[in-house]
Amino acid sequence: MQSSAKYWLGFNITKGLGPARIRALIDHFGDPQRIWQATEPELIQVGLDKRSRKSLLAVRDTVDLDLVLQRVQDLNVTLYHWQQTEYPVRLRDVIDSPPLLYSRGEIVEDDQWAVALVGTRNPTRYGRDVARELASELARNGVTIVSGLARGIDTVAHQAALDVGGRTLAVMGCGVDVIYPPENRKLASAIVEQGGVISDYPLGTKPDARNFPPRNRIISGLSLATVVIEAGARSGALITADFAAEHGRDVFAVPGSIYSKQSAGPNRLIRAGATPVLSVDDILNELDLRVATEHKAAREKLPTTEIEKVLIECLRAEPLHADELSILAGMPIAETTSTLTMLELKGYVRNLGGMQYELVHKL
C-alpha cells in the first residue's frame, strides 16, 4: 500500500491534475505507478493537455516521492486514496471527490453516519446555543459531526461533540500540519483523538481564502446532510449547502429572526426548500438516524459472514428483489431473506418495501 500511496502523493502535488484528469489516467493506465512512469507520447495519447503534462513531468524529475511519503509517516498522517477500500464511502459517491485525503486521526466505518453543521464565524448567542445543542444531541445518537474548524459555529459544533464523547471530523483549507485558525490548535489535537483533521491539500499548504470554498465539497461529501445554523447572505456555509444539493444530500436550516443578518442565509434556504430545524428530532427523524447506534452495536456483536458478503456484492449496482438476489447468490430464498434481515439489522441494507433491497454501506 505504501508504494502505491507515494504515487497518489505525487499526483496531489502536481498542479493541474484535478479529479477529472486523474480519473482519465487511472481508467487508461490502471496502475498509479504506470501513470507516474508513462512517457510523454503516452500521456499525449490519453489526452493529457500540455500544461498538465509539463507539470507532471517536472514534478517527476525533481521530487523524491519516497521522501514525501516519509514526511507523511513522520507526522503520523493517514492517507486515503480512491483505490483504497478505507476511502470514505459517502465521499466516494460524489462526482468531485478528491483523489487523495490527508488525515491526522482516522476516518472510521462509523463515520458514514455523519451530519455537517456549518455557519457564520460571528454567531449570535442564539446561534451558539443551537449549534451546541444540535451537535451534542446528534453525537449522543452516534452521529459524527463534520465541520470546518473555523471560528464561530464550526468551533462550537466540534467542541460540543467532543464534550459528550462523540466523534467529529474537521475539514480544513490548508495542510493538516498547519492549523487554522491558530487558536484552535488545542481543539484540533482533541479532534485527532476522537475523529480526524482532514484536508486534500498537500502538507505545508498555508491557509488561503481561495482554498476554503473547494474544501466545502468535502464537508458535504462526507455527510448525509448539511445543517446551516447561522450564515450571512454571502457566507461560505451557503456554499456547503449548495454542494450538498449538488451531491443529492439533504439540506437543513435553522430559522432565525428576519431582523438578524446572521439568519439571512438559513431563512433564504428555507424559502428555497431546505428543511427547517426546530429541534434535533427534525434531523434524526428525517434521516432515520435514531438507529445509528443500534446498527453499530449489531455490527460489533455480529461480524459480517461470507454469505452476507455475497449478498452485499450482488447489491452494489442497484436495488434488487429478494428473489433476484436468491438467484444471483445461488442460495435458497429462505436463507436469502434471513440473511437480508440480519444485514438490515446491522445497517448494511435497507428494505424499500415489496421485498426490494438496496445497499446502504459498501464494505
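The values are calculated or read from the model by the stated rules, or taken from the named source; none is laboratory data. Given the structure is predicted, the values throughout are model-derived calculations rather than measurements. Cβ: placed from backbone, ideal geometry, glycine included. Neighbour counts: every protein chain shown.
Structure above, values below:
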{"read-out": "Filtered residues of segment 326-342 (kept if over 14 Å from L352 (Cα atoms) and part of a helix (DSSP H, G or I))", "value": "S326, I327, L328, A329, I333, A334, E335, T336, S338, T339, M342"}
{"read-out": "Output for segment 239-261, where each listed residue is farther than 20 Å from D93 by Cα and surrounded by 24 or more Cβ atoms within 10 Å (Cβ to Cβ)", "value": "F252, A253, V254"}
{"read-out": "Residue satisfying condition, being surrounded by 13 or more Cβ atoms within 10 Å (Cβ to Cβ) and modelled with pLDDT of 95 or more, within set L48, L79", "value": "L79"}
{"read-out": "Options I218, I191, I198: the member that is assigned by TED's automatic domain parsing to the domain that holds T275, in contact with a His (Cβ under 8 Å, 6 or more places away or on another chain) and outside any loop (DSSP other than H, G, I, E, B)", "value": "I191"}
{"read-out": "Within segment 4-21, considering residues that are in contact with a Ser or Thr (Cβ under 9 Å, 6 or more places away or on another chain) and part of a helix (DSSP H, G or I), the one surrounded by the fewest Cβ atoms within 10 Å (Cβ to Cβ)", "value": "P19"}
{"read-out": "Every residue from segment 176-200 that is over 13 Å from S147 (Cα atoms), surrounded by 21 or more Cβ atoms within 10 Å (Cβ to Cβ) and touching a strand residue (DSSP E or B) at 6+ places or on another chain (Cβ under 6 Å)", "value": "V176, D200"}
{"read-out": "Residue match in segment 157-164 (condition: hydrophobic (A, V, I, L, M, F, W, C) and surrounded by fewer than 18 Cβ atoms within 10 Å (Cβ to Cβ))", "value": "yes"}
{"read-out": "Selected residue (criterion: surrounded by the most Cβ atoms within 10 Å (Cβ to Cβ)) from residues of segment 201-228 that are of a type in the set (D, E, K, R) and under 11 Å from the mean Cα position of the chain (by Cα)", "value": "R217"}
{"read-out": "Filter result (in contact (Cβ under 8 Å) with a residue 40 or more places away in the chain, aliphatic (A, V, I, L, M) and either touching an Asp or Glu at 6+ places or on another chain (Cβ under 8 Å) or over 22 Å from T144 (Cα atoms) (or both)) within segment 67-88", "value": "V68, L69, V72, L75, V77"}
